[in-house]
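Below: the structure, in C-alpha cells.
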Amino acid sequence: MAVILYQDFVKEIKSEFPDFVIIPKNESKLMKVIDIALRIITFNQMKLFMTGFITTMGNKVYVPASWTQLDVRSQIEVLRHERVHMRQAKKYGRFLFSLLYLALPFPIGVAYFRKKFEQEAYEESLRVKYEYYGEKAFTPKLKESMLAHFTTAQYFWMWPWRKDLEKWYDEAVKKAMKKE
C-alpha cells in the first residue's frame, strides 16, 4: 500500500464502516469509567489507558488527547491496526468478538483470543512500519514495547509465555518484509 493521505484513509475506512468515528477519550464518560476500573483491577499498574492507548469499541476509536500531535504516518498505522479489530468484530459479530477478546478462556493470564486478535492487529502494524520505514523500523525497543503489551498490565497480562511471543514477533517481522 502506497503512502496515502490521512483524509483519504479515513474515507476508505468510512466506506467499509459507515459508522466509523474517532472520539477523544477525555470526552467519553465510558472511557473515564474504564480507566478507573483498570486502575483498580491492575493495582494501579495500568496508568496509561487515557493517555497512551487507543481503544476501539465497535467502530468507534477512542484516542488520547495527544492524538492530534502524532504524525500522519503514526495515525494511519494506528487506524490500520484498529481497522483489523473492526474487521474481527464484523467477522465474529460484536458480542462474540467482545466475549472472546475480554474473557476467554480467562480474562487474565491465558487470554488466548485476546492474544490472537492482538497478534493479527500488530502484524498489520508491523507491515505499516515496514512500508513507511523499511527494516530500520524493527529495533529492539519496538520488539520490547510490543511484547510488553502481551505480558504486562497494559493488556491485562494476557499471555505469560514470552518465548512464544518472541517467536511470533520474529516471524511476523519476516512476513512483513516479504514482497507480496
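Annotations for the structure displayed:
- Total residues in region 143-176 satisfying the condition of being open to solvent by 30 Å² or more (accessible area, probe 1.4 Å) and farther than 20 Å from V110 by Cα: the figure is 5.
- Among residues of region 22-35 that are assigned to a helix (DSSP H, G or I), those with a Cβ under 6 angstrom from a residue that is surrounded by fewer than 17 Cβ atoms within 10 Å (Cβ to Cβ) and of a type in the set (G, A, S), sequence gap 6+ or separate chain, pair up as N26/A65.
- Residues of region 92-105 that are part of a loop (DSSP other than H, G, I, E, B) and surrounded by 13 or more Cβ atoms within 10 Å (Cβ to Cβ): L104 alone.
- Check on D8, open to solvent by 70 Å² or more (accessible area, probe 1.4 Å), at pLDDT below 95 and not polar (S, T, N, Q): yes
- Which listed residue, of E82, E77, E16, is among the charged types (D, E, K, R), open to solvent by less than 70 Å² (accessible area, probe 1.4 Å) and over 21 Å from H149 (Cβ atoms): E16
- Of the residues making up region 126-179, those that are among the polar types (S, T, N, Q) and closer than 18 Å to H81 by Cα number 2.
- Residue check, K91 more than 14 Å from the chain's Cα centre (by Cα) and of a type in the set (D, E, K, R): yes
- Scanning region 44-76 for residues that are among the aliphatic types (A, V, I, L, M) and over 13 Å from K25 (Cβ atoms) yields M46, L70, V72, I76.
- Verdict on K129 being in contact with an Asp or Glu (Cβ under 8 Å, 6 or more places away or on another chain), of a type outside the set (V, I, T) and crowded, with 19+ Cβ neighbours inside 10 Å: yes
- Taken over region 55-74, the criterion of being in a loop (DSSP other than H, G, I, E, B), modelled with pLDDT under 95 and open to solvent by less than 40 Å² (accessible area, probe 1.4 Å) is satisfied by G58 alone.
- From M50, M46, residue being assigned to a loop (DSSP other than H, G, I, E, B) and open to solvent by less than 40 Å² (accessible area, probe 1.4 Å): M46
- Qualifying residue in region 25-32 (condition: more than 25 Å from L99 (Cα to Cα) and either surrounded by 16 or more Cβ atoms within 10 Å (Cβ to Cβ) or in contact with a helix residue (DSSP H, G or I) (Cβ under 7 Å, 6 or more places away or on another chain) (or both)): yes
The values are calculated or read from the model by the stated rules, or taken from the named source; none is laboratory data. Note that this is a predicted model, so its numbers are computed, not measured. Ideal geometry is used to build each Cβ from the backbone, glycine not excepted, and the neighbour counts take in all protein chains shown. The area values use the complete protein model at the heavy-atom level, side chains included, leaving out ligands, DNA and RNA. Shrake-Rupley method; radii C 1.70, N 1.55, O 1.52, S 1.80 Å.
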